[in-house]
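Written out below as structure tokens is the structure these notes cover.
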Amino acid sequence: MRSAALHPPCITKQEPSFYNNFRRVGVYPRRRVILKNNVIMAQVEINKNIHLSEHFTLGEMCITSAKTQDGNVPSHVHIENLKRLCGWLEMLRSEWNKRYGEGNDPIIINSGYRSPQVNKAVSGVATSNHVTGCAADIKVAGVEQLIRYATILLDISDESQEDFDELLIEKNRYGAIWLHFAVRPKDNRRKVAFIVA
Ligand SMILES: [Zn+2]
């Protein structure tokens, strides 16, 4: 049996809202593949506007500049992981605005869920937490904001006694910096590091 995490995106009658707009694969054949258990397998698009938490939408958490065929569509399992992550992002947003912000400053996500195709296109490692919807790259205005975000996330972890998987200060060869933050359903490693990507 395949693991749930590897199961491709699907639409069921009970859970239509994360996905919409059937896209036929090419013009012919003009049909969908219907499986025995009544689950319709098809190439789908995400419903970008549906909220995973108060301030974060599925569209924001699946944003990518990579142009791939697969549409970067997460499975239901990946969406559950994104929701867990958004819970942390909500706490970060709230705490940032309490301590430093103007009250309603957004947290901007550069990259959240990445399908294997997208991950490959952006040269991500195959085991990346992005591929399971467990990680987000958070945009920062500069080093100061990055340190404050990281401090808040560490404080949240300490106070809630919940572990995260990765809190990585990342920098690329062009000098861009961002905060990579990941939470897994279990076996979180609390890895804090500086990474040159
Ligand atoms: Zn990342």
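None of the figures in this text is laboratory data; all of them are computed from the coordinates on show. Since we're looking at a predicted model, the values are computed, not measured. Note: ideal-geometry Cβ built from the backbone for every residue, glycine included; neighbour counts use all protein chains shown.
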_Environment charge of Phe164, counting only residues whose C-beta is closer than 9 Å and scoring Lys/Arg +1, Asp/Glu -1_ = 0
*Compute the FRET efficiency between Ala121 and Lys98 as 1/(1 + (r/R0)^6), taking r as their Cβ-Cβ distance and R0 = 35 Å, and round to the nearest 0.05.*
0.40
*Using alpha carbon centroids, what distance separates segment 122-162 and segment 48-118, in Å?*
12 Å
*Built amide H within the under 5 Å cut-off of Val192, gap 5+*: Leu167
*Which pairs break 19 Å Cα to Cα here: Lys83/Lys186; Lys83/Lys171; Lys139/Lys171?*
Lys83/Lys171
_Shape verdict for segment 139-194, please, from the Cα gyration tensor: rounded (a/c under 1.5), prolate (a/b greater than b/c) or oblate._
oblate
*asked:* Let me make sure I get this right: for segment 48-196, a, b and c are the square roots of the gyration tensor eigenvalues over alpha carbons, sorted descending. Under 1.5 in a/c it's rounded, otherwise prolate if a/b > b/c, else oblate. Which is it?
replied: rounded
